[in-house]
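Read the structure below first, then the notes.
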């Protein structure tokens, strides 16, 4: 009868050696696969996508202390330049037009980013920013009544629920939008003409939801990073 070597019929020691040999072959194959994969991506920039939806967030691989907001059309140009730079062994050397989110906007975007995979919470953060914007940057007869106290209470409640804090002096808390996408003048007028707290909250909700959708559709955000 012919003996089957794979059945380890020769001896327990032979069985152990056979198992070790197979393991070494597997490890060697995996090691070579990693080398080949490394060669395939040489000269290609690392994937910098953090999320594509609800908002598109990408990691910056250049020196940046603040979040950067730019049109997706400009981001596409930047990513093309980034790829070409890596192919030459360089890094990004020029930036297309963009907005730097600093001051109060820095805290707003940090809050939005912290909920980047939860659209409902992201919208709540932006609605909260809209309420704060109404208190500090809008002019409306309604804001000279008891309604301002109600807005303040709502702001404090949402800040607690969302774990949001703005450490700097309040200035611009909502993000800039190009005029072809959003009519800031029209939004300001609607707020100023609100005749009740209920209408005011509805207008702010509708306005910030519209802004949110525009930011999702038209803009890319790059996170702060140290230059590599």
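Numbers below:
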read-out: Some residue of region 123-139 being in contact (Cβ under 8 Å) with a residue 40 or more places away in the chain and not in a helix (DSSP H, G or I); value: yes
read-out: Verdict on residue 78 being modelled with pLDDT of 95 or more and under 26 Å from the mean Cα position of the chain (by Cα); value: no
read-out: Single residue of region 76-133 satisfying the filter (over 30 Å from residue 207 (Cβ atoms) and in contact with a helix residue (DSSP H, G or I) (Cβ under 6 Å, 6 or more places away or on another chain)) that is surrounded by the fewest Cβ atoms within 10 Å (Cβ to Cβ); value: 91
read-out: Yes/no for residue 70 being touching a helix residue (DSSP H, G or I) at 6+ places or on another chain (Cβ under 9 Å) and either surrounded by 18 or more Cβ atoms within 10 Å (Cβ to Cβ) or outside the structural domain of residue 175 (by TED's automatic domain parsing) (or both); value: yes
read-out: Qualifying residues in region 47-87 (those that are without any contact (Cβ under 8 Å) to a residue 12 or more places away in the chain and assigned to a loop (DSSP other than H, G, I, E, B)) - the one farthest from residue 131 (Cα to Cα); value: 47
read-out: Test: residue in region 167-187 that is assigned to a helix (DSSP H, G or I), out of contact with any strand residue (DSSP E or B) (no Cβ under 8 Å at 6 or more places or on another chain) and surrounded by 15 or more Cβ atoms within 10 Å (Cβ to Cβ); value: yes
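Residue by residue, here is whether (1) at pLDDT 95 or above; (2) more than 19 Å from residue 69 (Cβ to Cβ); (3) not assigned by TED's automatic domain parsing to the domain that holds residue 131 holds:
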| position | (1), (2), (3) |
| --- | --- |
| 175 | yes, no, no |
| 179 | no, no, no |
| 184 | no, no, no |
| 187 | yes, no, no |
| 205 | yes, yes, no |
| 210 | yes, no, no |
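The values are calculated or read from the model by the stated rules, or taken from the named source; none is laboratory data. Remember, predicted model here, so these are calculated numbers, not experimental data. Quick reminder, even Gly has a Cβ in these numbers, built from the backbone with ideal geometry, and neighbours come from all protein chains shown.
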